[in-house]
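In what follows, a structure is listed as structure tokens, so that the remarks can point back to it.
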Amino acid sequence: MEQFSSFQGYGDDITGQLGLIWQQLKAPLIVPVLKLLVVLCLAMSVMLFVERVYMGVVIVFVKLFGRKPEKKYKWETIKDDVEFGNSAYPMVLVQIPMYNEREVYQLSIGAACGLSWPSDRIIVQVLDDSTDPTIKDLVALECQRWASKGINIKYEIRDNRNGYKAGALKEGMKHSYVKQCDYVAIFDADFQPEPDFLWRTIPFLVHNPEIALVQARWKFVNADECLMTRMQEMSLDYHFTVEQEVGSATHAFFGFNGTAGVWRISALNESGGWKDRTTVEDMDLAVRASLRGWKFVYLSDLKVKNELPSTFKAYRYQQHRWSCGPANLFKKMAMEILRNKRVSLQKKLYVIYSFFFVRKIVAHIVTFVFYCVVLPATVFVPEVEVPKWGAVYIPSTITLLNAVGTPRSLHLLVFWILFENVMSLHRTKATFIGLLEAGRVNEWVVTEKLGDVLKTKLGAKVPKKPRIRIGERLHLLELAVGAFLFFCGCYDLAFGKNRYFIYLFLQSIAFFVAGIGYVGTFVPNA
């Protein structure tokens, strides 16, 4: 009994000392720092709010009064020429870069070979960087199968993976047969264009010499696979429904999505070709082409089927690349954009401020730092107040504007907010890595595609107790943030006046769920 009393007394002493240290640091250090962070976060929130409202207003005008691309630019079907025959049609190169794509290689090659275009005016080029000999043999065999059907298909490999996808595309453009091509269509390994894809895109390039790129929209074949893919669909639908549409309609500029697009080869070469200095070679090329005065067209009505990453591991790697790359590219190109004399000041400001700074940097940082760190921390410091417009009204408006792209998922809005806040942890981390050019700045992990593998595994006999590696399912960073938010919620419930505890508990649960890997599709080990 005496030992327990002494232990309790020792614990009280430590608690008292920590409380004293907290009180001594609070007024001179913690309160001013937290107030500064609140001001900075509110400023970033206002920037993001203004950007979202601006794009919302523009997209309404575009939908109500804007002309479709076919009306805005010259567009007419390419017709047969009796005198010249098929030579009246431009020569088109179709590139399919792939890396160990066992699950989807047949789908992508089959879709590319099924494109409707004069057979002697199209070349399908499979750029296989696979390191698995078995997969390489399978892809080569598939190419031979289509070649035997009369398709002009080229199977190209290289002895290294330098530059990853950018390196493969750059190497693919060096082959002698490419010199006869006018345009290049690019499809990642899980993309399946409809047969009329070229008929709907090539006329824009043929009849409008100022256009360098025609970009199609993505259509997700596995959006209903799990809750995580539904959340991704909501985020990406906003990008395609609003961001790409606004950029195309107002400045004839947007970020190339790296796939489901057609480039004018002369514009691609004039802009410096493919570069591997960042992990967003597609965005890099688009910015350089735009700075040379080239225009882009976005076709929201033309959709190309593809697959969303449905495992949490694959999605995290993808989001790291998509957040780190733009931040790193912004650092490398900001001054180049400012010094450019070929484009208007308005367009330069749009690219630097709106396209890069607000959407690629501010949006990630403010989501995590404000809603997952600063706002929860204010429950411990009642001297620091966050105005209701900053804590409630602005984020609510931004969320609703983001959700308009996917009306069918409005009932999932709360889940989407919580999930996006979880992912903002990785996006913020990746953004700082890109800005500071830290260790993983050029990390490229190819997004895993499942194709039909999940159905096959679930349909086959799998062990009753599949092996689960704890290290692969536990994510300590998410668990740590979840614990912090839960502690903040408990403190707010017991002592606080902010009444943030409902949000804090829900958000902490979301971090815990992600932290134990209970997100997305789980593929059992065979």
Based on Cβ point charges of +1 for Lys and Arg and -1 for Asp and Glu, what charge dipole magnitude is obtained for the chain about its Cα centre, in debye rounded to the nearest 20?
660
What is region 84-309 by shape, rounded, prolate or oblate, if you read a ≥ b ≥ c off the alpha carbon gyration tensor as root eigenvalues and call it rounded for a/c under 1.5, prolate for a/b larger than b/c, and oblate otherwise?
rounded
Per residue Cα convex hull volume for the chain, in cubic angstrom?
187
Sequence-distant or interchain residues sharing an amide H contact under 5 Å with GLY258, placed H: which?
none
Students sometimes get this wrong: rank ASP237, ASP182 by accessible area, probe 1.4 Å, all chains present, largest first.
ASP182, ASP237
In degrees, nearest 10, the alpha-carbon axis of helix 413-436 is tilted away from the dominant principal axis of the alpha carbons of the chain by 80
Please list, in chain and number order, the residues 5+ apart from LYS154 or on another chain whose amide H is under 5 Å from its amide H, with Hs placed from the backbone.
VAL124, GLN125, VAL126
Considering only protein heavy atoms and a 1.4 Å probe, what is the carbon-and-sulfur percentage of the accessible area of the chain?
60
Exposure rank, largest accessible area first [ARG52, ARG200; 1.4 Å]:
ARG200, ARG52
How would you classify region 30-148 from its alpha-carbon gyration tensor, with a ≥ b ≥ c the square roots of the eigenvalues: rounded for a/c under 1.5, else prolate if a/b is greater than b/c, otherwise oblate?
oblate
Flagged links, alpha-carbon separation over 30 Å, of LYS149/LYS295; LYS149/LYS305; LYS275/LYS295; LYS72/LYS219; LYS68/LYS275:
LYS149/LYS295; LYS68/LYS275
Leaving ligands and nucleic acids out of the surface, order ARG230, ARG427 by accessible area at 1.4 Å, largest first.
ARG230, ARG427
The chain, helix-only ellipticity at 222 nm - DSSP H runs n ≥ 4, -39,500 (n - 2.57), divided by all residues, nearest 500:
-16000 deg cm²/dmol
Using the Karplus equation 6.51 cos²θ - 1.76 cosθ + 1.60 (θ = phi - 60°), what ³J(HN,Hα) coupling, rounded to whole Hz, does each residue of region 377-384 give in order, writing x for Gly and Pro?
5, 5, 5, 7, 10, x, 5, 9
Scan around TRP117 for amide H atoms under 5 Å from its own, H built in the peptide plane at 1.01 Å from N, and keep only partners 5 or more places away or cross-chain.
none
Residue-normalised accessible area of the chain, expressed per residue, 1.4 Å probe, Å²:
48
Under 12 Å, Cβ to Cβ, from GLU448 - net charge with Lys/Arg +1 and Asp/Glu -1:
0
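The values are calculated or read from the model by the stated rules, or taken from the named source; none is laboratory data. On a predicted model such as this, the values are computed, not experimentally measured, just so you know. With ideal geometry, Cβ positions are generated from the backbone for all residues, glycine too; neighbour counts draw on all protein chains shown. Surface areas here come from the heavy atoms of the whole protein model, side chains and all, with no ligands, DNA or RNA. Shrake-Rupley method; radii C 1.70, N 1.55, O 1.52, S 1.80 Å.
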